[in-house]
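This report concerns only the one structure given below.
Bear in mind that the values in this text are calculations on the coordinates, not laboratory data. This structure is a prediction, so every number in the text was calculated from the model and none was measured. Using ideal geometry, Cβ is built from the backbone for each residue, glycine included, and neighbour counts are taken over all protein chains shown.
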Amino acid sequence: MSNAKANILAKLKKQLQGAERLELSAEPVAEPEVLNQTQNVETFVQLLSANHAEVLCITRDEIAATVKTQLQKRNIDRLMCGTPWVETLQAIESEITLNTFYPVIDGHKEALFNTVPAAITGSHCGIAATGSIVLWPTPEEPRTLSLVPPVHIVVVERNAICNDLATAMKTQAWKAQLPTNVVLVSGPSKTADIQQTLAYGAHGPRELVVLLIGHSK
């Protein structure tokens with residue numbers, strides 16, 4: 001050990017002499033409350049709604065019609081989607097212009113940031129304990145879709161809502177299949193200034209529309 005390093009360690013040890021030792025508590029860490037699936041769904045919807053997300057409980061067969069209704073309600077006639085949703089949304093193409101995502105942002109920034117009012121994505125699962133949606137970006141459905149357009153429509157499977165994040169990671173074996181990034185969304189984008197004035201959409205979608213679906217009719 002060098003003299004300089006030894007001197008630094010000696011000074012640190014001297015400063016610790018007589019210091020009060022903090023004993024770690026032997027009490028067990030509180031575990032999150034385990035809910036049944038119905039309670040998971042109810043909690044998930046409640047927390048998302050409280051965070052200004054719009055949650056619509058529909059069937060799989062109602063996805064296209066619901067998307068059209070939500071867009072028309074906002075006077076939007078264009079929707080960007082990843083390739084997994086092209087076939088599902090074909091039924092509304094006569095009224096809503098569908099654009100698949102730009103695989104390369106370079107050269108498309110102007111169009112993406114200024115001409116795309118809404119986008120739709122799927123999700124990996126939901127987290128009841130925090131009212132969060134887990135986005136699992138792929139080359140066919142990149143993070144850009146949920147990050148840039150002012151309105152983000154996201155489809156969540158009712159039976160994919162987990163009690164908490166740790167349970168989702170364990171039961172779904174995340175460690176074996178993680179993408180380059182995993183995103184947790186709990187509502188529209190929001191920020192606050194020094195006076196705590198809350199504003200939505202400053203750094204991402206100002207509206208989050210959640211389509212919570214179960215089995216087809």
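Odds and ends about this structure:
- Cα-Cα pairs of region 125-217 separated by more than 14 Å (percent): 70 percent
- Leu56/Ile194 FRET efficiency (R0 45 Å; Cβ-Cβ; nearest 0.05): 0.80
- Label-point separation in nm, Glu87 to Gln46, each point 7 Å along Cα→Cβ: 3.8 nm
- A Förster radius of 22 Å combined with the Cβ-Cβ distance from Val183 to Gln37 puts the calculated FRET efficiency at roughly 0.40.
- Spatially proximal lysines relative to Lys14 (Cα-Cα < 16 Å; intrachain offsets below 8 disregarded): Lys5
- Estimated distance in nm for a label pair at Trp174 and Lys14, the labels positioned 7 Å out from Cα along Cα-to-Cβ: 4.7 nm
- Using just its DSSP H runs of length 4 or more, each adding -39500 (n - 2.57), the chain gives a mean residue ellipticity at 222 nm of -7500 deg cm²/dmol after division by all residues.
- Highest mean packing first, where packing is the average number of other Cβ atoms within 10 Å per residue, the peptides 119-127, 164-172, 40-48 line up as 119-127, 40-48, 164-172.
- Cα lying deepest toward the dipole's positive end in the chain, options Gln196, Leu9, Cys162, charges on Cβ: Leu9
- Helix 3-16 and the longest principal axis of the Cα set of the chain meet at an angle near 90°.
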